[in-house]
Structure formats: structure tokens, C-alpha cells
Amino acid sequence: MGGVLADEGAFLPKVMSGLPRTQTKSGVSFDSSQDIWSYRDGVNNVSLDFNQLMSARALIESIKKVLSWYAQHHSPAHLKNMFQRLKHFFRTIEQDHVSSITALC
């Protein structure tokens, strides 16, 4: 079952080259180009699996860039919450068979 945006992202490479290493507020460094971000930041374990966002494959690099900013400037708990909200958003639009999102001006 293809996701809402899966076809548009079919041409994207598996590993994104435009994403550098990310350093958190507390100094933990990780490779943000990977599909799984897993690290320990203080007493917090962070594990984000971008493979869970397959319906958003065309947007993965942009999503990673945004979440990388959150990792650099906010707490690990906030980063994990933002990732959970994204998963919920894409799961919802896939279940509702949304084929496009239009901005109203």
C-alpha cells in the first residue's frame, strides 16, 4: 500500500548527502543523514526511526533538517514529541486518503 507522498519520493536516494552531523545542546553528536537517530543525551534515550514515515519519503530530508534544528536548540523530550506528532500527522492523512494539501489565502 503506497503512502500519500510515496510516489513523489521514489527518485530520492536512501542516504541524504545534504545533512551534516548534528550536535545537541548538551554536546552529543550524531549523524542526521541516517534513517535511525539513536543516542543518549544526559539521562534521555533518543531513538527516532524515520522508516516509520515511509508515506512522507519525499519529505524526509526536509523533516530531518527541521528535527535536526530541534535537536540542537531544544530538549530531547521536545524532539521526540515533535517526531511523534509528525508520525501521527502522516498516519492521519494516509488513513483519510488525503491526496493533497492546499493553502487557503
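Computed from the coordinates by the stated procedures, all read-outs in this text should not be read as laboratory data. Nothing here was measured: the structure is a model prediction, and the numbers come from that model. Glycine also receives a Cβ, built like all others from the backbone with ideal geometry; neighbour counts cover every protein chain displayed.
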Tally, over the range 47-72, of residues that are buried (at least 19 other Cβ atoms within 10 Å of the Cβ) and not in a helix (DSSP H, G or I): 1
Kindly indicate whether any position in the range 84-92 is under 22 Å from Gln23 (Cα atoms), within 11 Å of the chain's Cα centre (by Cα) and touching a residue at least 40 places away in the same chain (Cβ under 8 Å). no
Quick check on my filter: what residues within the range 53-68 are within 13 Å of Arg91 (Cα to Cα) and within 8 Å of the chain's Cα centre (by Cα)? Leu53
